[in-house]
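A short write-up of the structure that comes next.
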Amino acid sequence: MSTTADHHEKSLELMSVETRLVRTPISVPVRTSFGIMHDRPTLLVRVTDSSGTQGYGEIWCNFPVCGAEHRALLVDTEIATRLVGRQFSSPQDCYETMNSLLRILRLQTGETGPIAQAIAGVDIAVWDMIARRNNVPLHALLGSTRHRIPAYASGINPVGVLETVERARANGHRHFKVKVGFGEETDRSNVHGVADNLGEAETFMLDANQAWSPSEAIQAMYWIEACNPRWIEEPMPVDTTRAAWRTLKNATNIPIAGGENFLTRGEYDEVARGNWMDIVQPDIAKWGGFSECLPVATDVVANGLTYCPHSLGGGVALAASAHLLAAAGGPGLLECDANENTFRDEVFPLPLSKGWVTLTDEPGLGVNIAALEREFER
């Protein structure tokens, strides 16, 4: 990873790695084609180095319901015990060490996803700590030349779609992503409803959350194309053959998006150089952290594709995604969950106006430290 800020001191010695799980009540469940969230879990990570500087990360933990507690224990029992007291030349060195030390555990347990998510959350915290110690915004430490990025409202449930879009519009959004995969009748009603109610310069996207088989996806494209969405996300399961992905891409003019559920760098490298996806969406809290997601994102942009960070979690993950997008460049948009989550909004009050997010000059991620520390002090 190359940056324009290599003069900053990036070595570290970790003195503690801690987790806290926050479950935020919600009034309306969040629905996808494969599951429902009845609360909003946020799994926080706090790291402290030998200078006393702290940094904050977040681990993706939406599903299954019991997964948040499990991932917290992975950090507490398997990662923290291996990192505390060790010295690292850089955050990347720390990230690579975590992957190396946990390689056999991944093979033995088959828990590639949860372990990758735990590592990603620690990596985010380490990078935040380094930026805070150097008293610079994280996007600047990563070499960003911009602090203003476009955004869109995401996670729009299949019930009350137009009401949710209107609330998001009132909050400053101009682009909206609607969930599909709930049956053709429901999907048609929602997609046509949103498409027919867009204002000037507004666009919409669709997310199927892997709901359709290859034949079902092609069939859906026939009627969706007339509505002109900006993209269709995860129209098929992530393990669908590359041949089927290429067949789908050749069968539609709608740009294809995905990548939030890739598990290896090789998959991202393949899609960046392939011809079967247009928008690539790694989730920084689910895989790779900054240490691997930034090289992936810049590679995607360099190969003429669009990098859009996936994010549907808490405020730390959202802030990290914003800093990563600012550093990566390209025309991608920041995913902003439109669903209720008071803790997320407290940690990272979204600086949104007319569809654009403007990052501050605060050190690190620029999140509400007091709100995070309140949880760690409990």
Which condition from (1) in a helix (DSSP H, G or I); (2) buried (at least 22 other Cβ atoms within 10 Å of the Cβ); (3) of a type outside the set (D, E, K, R) is the one that THR186 breaks? (2)
Being crowded, with 16+ Cβ neighbours inside 10 Å and at positive phi is the filter here, so list the residues in the stretch 97-136 that pass it. none
Mind checking which residues of the stretch 226-245 are part of a loop (DSSP other than H, G, I, E, B), farther than 24 Å from ASP196 by Cβ and touching a Pro at 6+ places or on another chain (Cβ under 7 Å)? MET236, THR240
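Among residues belonging to the stretch 292-316 that are of a type in the set (Ser, Thr, Tyr) and surrounded by fewer than 24 Cβ atoms within 10 Å (Cβ to Cβ), point out the one that is farthest from GLU234 (Cα to Cα). Spell out the reasoning first.
Taking the stretch 292-316 first, the residues of a type in the set (Ser, Thr, Tyr) are 298, 306-307, 311.
Those left that are additionally surrounded by fewer than 24 Cβ atoms within 10 Å (Cβ to Cβ): 298, 306.
On the way: THR298: 21, THR306: 15 Å.
Of everything passing the filter in the stretch 292-316, THR298 is farthest from GLU234 (Cα to Cα).
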Residue by residue through the stretch 55-99, note down the ones that are over 22 Å from LEU294 (Cβ atoms) and polar (S, T, N, Q). ASN62, THR77, THR81, GLN87
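Give the stretch 329-344 a look and list any residue that's outside any loop (DSSP other than H, G, I, E, B) and either free of Cβ contacts under 8 Å to residues at least 12 places away in the same chain or over 15 Å from the mean Cα position of the chain (by Cα) (or both), or say none. Don't jump to the end; show me each part of the working.
Step one: of the stretch 329-344, the residues outside any loop (DSSP other than H, G, I, E, B) are 334-337, 342-344.
THR342, PHE343 - these are the residues of the stretch 329-344 that are outside any loop (DSSP other than H, G, I, E, B) and either free of Cβ contacts under 8 Å to residues at least 12 places away in the same chain or over 15 Å from the mean Cα position of the chain (by Cα) (or both).
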Answer residue from the stretch 72-122, given it is among the charged types (D, E, K, R) and outside any helix (DSSP H, G or I) and is nearest to HIS8 (Cα to Cα) among those: ARG86
Of the numbered conditions (1) out of contact with any strand residue (DSSP E or B) (no Cβ under 8 Å at 6 or more places or on another chain); (2) under 30 Å from PRO363 (Cβ atoms); (3) among the basic types (Lys, Arg), ARG86 fails exactly one; give the number of that condition. (1)
Sole exception among (1) of a type in the set (Phe, Trp, Tyr); (2) outside any loop (DSSP other than H, G, I, E, B); (3) surrounded by fewer than 21 Cβ atoms within 10 Å (Cβ to Cβ) for TYR56, by number: (3)
HIS323 crowded, with 24+ Cβ neighbours inside 10 Å and part of a loop (DSSP other than H, G, I, E, B): no
Mind checking whether some residue in the stretch 246-256 is buried (at least 22 other Cβ atoms within 10 Å of the Cβ), charged (D, E, K, R) and either assigned by TED's automatic domain parsing to the domain that holds TRP212 or outside any loop (DSSP other than H, G, I, E, B) (or both)? no
Within the stretch 14-29, identify whether any single residue is modelled with pLDDT under 95 and on the phi < 0 side of the Ramachandran plot, and answer yes or no. yes
Conditions (1) outside the structural domain of VAL75 (by TED's automatic domain parsing); (2) outside any loop (DSSP other than H, G, I, E, B); number of the one not met by MET129: (1)
I'd like to verify a number: residues in the stretch 200-209 that are under 27 Å from the mean Cα position of the chain (by Cα), farther than 10 Å from VAL180 by Cα and surrounded by fewer than 21 Cβ atoms within 10 Å (Cβ to Cβ), how many? 3
Log entry, pairs with first residue in the stretch 307-328 being farther than 19 Å from ARG40 by Cβ and modelled with pLDDT of 95 or more, second being of a type in the set (S, T, N, Q) and in a helix (DSSP H, G or I), beta carbons closer than 6 Å, six or more apart or on different chains, reads ALA328/THR298
Mind counting the residues in the stretch 345-378 that are assigned to a helix (DSSP H, G or I) and out of contact with any helix residue (DSSP H, G or I) (no Cβ under 8 Å at 6 or more places or on another chain)? 6
Hey, LEU318 hits all of (1) in a helix (DSSP H, G or I); (2) more than 11 Å from the chain's Cα centre (by Cα); (3) closer than 23 Å to ASP207 by Cα but one; which does it fall short on? (2)
Would you confirm whether or not the stretch 359-378 contains a residue that is among the polar types (S, T, N, Q), farther than 24 Å from VAL271 by Cα and touching a Lys or Arg at 6+ places or on another chain (Cβ under 9 Å)? no
Residues in the stretch 216-252 that are among the hydroxyl-bearing types (Ser, Thr, Tyr) and either within 18 Å of HIS175 (Cα to Cα) or touching a residue at least 60 places away in the same chain (Cβ under 8 Å) (or both) total 0
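The values are calculated or read from the model by the stated rules, or taken from the named source; none is laboratory data. As the structure is a prediction and not an experimental result, all values here were calculated from the model. Positions of Cβ are backbone-derived with ideal geometry, glycine not excepted, and every protein chain shown enters the neighbour counts.
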